[in-house]
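**Student:** Handing you this structure, nothing more for now.
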Amino acid sequence: MSRLLIVSNRAPVEFVRTPHGVRAMPTVGGLSAALDDALRVHGGEWIAWVGPHVGDEVPPEQTGLPYALRPVRLKEREIHDYYAGFANRVLWPLCHTFPNRVHMQTTYWNAYRQANERFASAVQAVVAPGDLVWIHDFHLCLVPGILRTAGVPARLGVFWHIPFPPPSVFGILRWRTELLTGLLGADLVGFQTEQDTANFLACVRQFLGLPVGETPPRVVLPGRDVSAAALPIGVDHARFRARAGDPAVVAEAARLRDALGVEIVILGIDRLDYTKGVIERLVGYERFLEHHPAWRRRVCLLQVVVPSRDRVPEYRDMKRAIDEAVGRIDGRFTYDGRAPLRYMYTALARDRLVAYYRAADVALVTPLRDGMNLVAKEYVACHAGVDGVLVLSEFAGAAQQLREAVLVNPYDPEAIRRGLETAVSMGPEERRRRMRALDRRVASRDVQWWTRAFLDRLAAAAPAAAA
Ligand code: GDG
């Protein structure tokens, strides 16, 4: 079996300075768990930025991980301009179709190029013939091109976790040709949905003038093809299901429900991000409470927002706007000390997260746009064998698979209101029928399926040749 090199901006741990010295702390996210699994199976190394406090190699004893972590060193200024700048203020808003939030600055682009060079050098330092190099996400578009030009003797794959926009949106970017050319250094580029794949191919055709094929999806280059594939990411269904059925977790879920003291618990869990549609969701919930006096004392929305990207000014403003909306709704609809909304700005420990999923009768997952959305799939996995209702944005990649959810337009507060009405009034038989169907899809396309599907395709790509 080929050795695997994972390359991503962040790793499953980050090194932070604590009063007891520099410590490896786990990072929040479903992705790291998925890739961690793949590395345990294949063996290999993980190349990532893990904070400023480490040397050139971190042995497994320091991370608790059974494989080596190879840190990419970036200076404070580079992190600011490459990560907070180009990745988070240019590519992130553009790909989620928020062109007015794009800050197109040359300093950001220069830092992005330099950072991508550093990641590529870190790969070159360890890569061996026959390796599979799996590069993740929009932070590292240029890495495949740099490695290809350097003639690295490995197969190169990229997975794009966020939406890929159509040419009318991607074309706004001054550096569109450089980014597309960089990605085409890969043998395989994976996307979350068929639509993302089609958008990527349309951009390549329009901005690079290259021929593309549709069955199978690919870009035809002189001497080689680059495959494009829709491979929706999944969750570790078996692990979520087992944790959710654990008696300690079930007891914690029951305690939580008791503490809330309502008939119907509605749950929202999101990283702090404008793409997640938290404010729009709160307004939709407010409309629901306005329309339904009878439900006011019987429901509670438990909204968890996980701190994220606090170096970016827009995120601090958004946090303030959420605080205001929460205050307004609680002020309007709290009766006899019973609040319709519980808001937490924190990251939950993994088992608590599962208890929250388990406690919720309804999950309200309404991103304005999302590559996939793992929260939706994790909620379903935690409700295998029990009922529950998923209200899901039609603009999340997950909506392509999870057709039995109550699908809503997240921009429209009236649609969210109607979705909530459907959810709270759905009978037990329909809840169970829909949840069974959702669970079958989440179980059959789990994260193990995803890593296998990607790596099998990558391994089957023609052996690497220099550009
Ligand atoms: C990007 C794309 C795509 C959340 N709160 C807590 C917590 N989480 C975990 C969830 C889940 C993950 O974070 C969030 O994943 P999402 O998919 O919802 O969102 P992004 O972070 O934006 O991820 C997205 C994904 O990449 C994978 O391809 O689906 O579209 O934007 O796993 O469980 N984990 C813990 N405490 C929390 O409070 N421990």
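The values are calculated or read from the model by the stated rules, or taken from the named source; none is laboratory data. Please read all numbers here as calculations on a predicted model, not as lab measurements. Glycine also receives a Cβ, built like all others from the backbone with ideal geometry; neighbour counts cover every protein chain displayed. Each accessible area value is taken on the protein alone, full model and side chains, heavy atoms only, with ligands, DNA and RNA left out. Shrake-Rupley method; radii C 1.70, N 1.55, O 1.52, S 1.80 Å.
**Student:** Multiply the residue separation of Ala150 and Gln114 by 0.36 nm, subtract the distance between their alpha-carbon atoms, and state the gained length in nm to one decimal.
**Tutor:** Answer, rounded to one decimal: 11.4 nm.
**Student:** Okay, moving on. Take the range 333-467, drop everything but the C-alpha atoms, weight them equally and run the Debye formula without solvent; then report log10 I(q)/I(0) at 0.13, 0.17 Å⁻¹ to two decimals.
**Tutor:** -0.65, -0.99
**Student:** A follow-up question, please. Can you give the net charge of the other residues whose Cβ lies under 15 Å from the Cβ of Ala68, counting K and R as +1 and D and E as -1?
**Tutor:** -3
**Student:** For the range 106-171, what does the alpha-carbon gyration tensor say about shape, rounded, prolate or oblate, given a ≥ b ≥ c as the root eigenvalues, a/c under 1.5 as rounded, and a/b over b/c as prolate?
**Tutor:** It comes out oblate by the Cα gyration axes.
**Student:** Using only the Cα atoms of the chain, build the gyration tensor, take square roots of its eigenvalues as a ≥ b ≥ c, and label the shape rounded, prolate or oblate: rounded if a/c is under 1.5, else prolate if a/b is larger than b/c, else oblate.
**Tutor:** prolate
**Student:** Beta carbons within 10 angstrom, averaged per residue: use that to sort the peptides 59-66, 109-116, 347-354, 72-79, highest first.
**Tutor:** The peptides rank, most packed first, as 109-116, 347-354, 72-79, 59-66.
**Student:** Just the number please: accessible area per residue for the chain, 1.4 Å probe, all protein chains included, in Å².
**Tutor:** 40 Å²
**Student:** So what are the ³J(HN,Hα) numbers for the range 34-45, from phi and the Karplus equation (6.51, -1.76, 1.60; θ = phi - 60°), rounded to whole Hz, Gly and Pro as x?
**Tutor:** Values per residue, Gly and Pro as x: 4, 6, 4, 4, 4, 5, 4, 6, 7, x, x, 9 Hz.
**Student:** Just want the answer: with Cβ charges of +1 for Lys and Arg and -1 for Asp and Glu, which residue in Thr63, Leu94, Val50 is farthest toward the dipole's positive end in the range 48-115?
**Tutor:** Leu94
**Student:** Which length gain, in nm to one decimal place, applies between Glu61 and Thr422 when the Cα-Cα distance is subtracted from 0.36 nm times their residue separation?
**Tutor:** 124.8 nm
**Student:** Of the options Leu201, Ala34, Ala154, report the single residue whose Cα projects farthest towards the positive end of the charge dipole of the chain (beta-carbon charges: Lys, Arg +1; Asp, Glu -1).
**Tutor:** Of the candidates, Ala34 comes out farthest on the positive side.
**Student:** With the Cα gyration tensor of the range 314-375 giving a ≥ b ≥ c as the square roots of its eigenvalues, does the rule (a/c under 1.5 for rounded; else a/b larger than b/c for prolate; else oblate) give rounded, prolate or oblate?
**Tutor:** oblate
**Student:** Taking the alpha-carbon distance from Lys75 and a cut-off under 15 Å, which aspartates and glutamates remain once sequence neighbours fewer than 8 residues away in the same chain are dropped?
**Tutor:** Lys75 reaches Asp56, Glu117.
**Student:** Same structure again: Can you give me the % of accessible surface on the range 110-203 that is carbon or sulfur? Probe 1.4 Å, all protein chains present, nothing else counted.
**Tutor:** Summing carbon and sulfur atoms, their accessible area is 50 percent of the total for the range 110-203.
**Student:** Given a 1.4 angstrom probe, I'd like the percentage of the accessible area of the range 401-466 that is carbon and sulfur, rounded to a whole number.
**Tutor:** The computed percentage sits at 48.
**Student:** Figure the gain on full extension for Ile279 and Asp317 (residue separation times 0.36 nm, minus the Cα-Cα span) and round it to one decimal in nm.
**Tutor:** 12.5 nm
**Student:** Among 211-220, 249-258, what's the highest-first ranking by average C-beta atoms within 10 angstrom per residue?
**Tutor:** 249-258, 211-220
**Student:** Given a Förster distance of 51 angstrom, what is the FRET efficiency for His20 paired with Tyr411, based on the Cβ-Cβ distance and rounded to 0.05?
**Tutor:** 0.65
**Student:** Mind putting a number on the dipole of the chain about its Cα centre? Charges go on the C-beta only, +1 for Lys and Arg and -1 for Asp and Glu, and I need it in Debye to the nearest 20.
**Tutor:** Its charge dipole is roughly 180 debye.
**Student:** Tell me which aspartates and glutamates have Cα within less than 12 Å of Lys377's Cα, excluding those fewer than 8 residues away on the same chain?
**Tutor:** Those aspartates and glutamates meeting the cut-off are Asp236, Asp439, Asp446.
**Student:** For a label point 7 angstrom out from the Cα of Arg296 toward its Cβ, which stretches of the range 332-352 have the backbone nitrogen within less than 20 Å?
**Tutor:** Zone members listed by number: 332-343.
**Student:** Here's something else I'd like to know. Provide the convex hull volume over Cα atoms per residue for the range 75-138, in Å³.
**Tutor:** Taking only Cα atoms, the range 75-138 has a hull volume of 80 Å³ per residue.
**Student:** Considering only protein heavy atoms and a 1.4 Å probe, what is the carbon-and-sulfur percentage of the accessible area of the range 227-376?
**Tutor:** 50 percent
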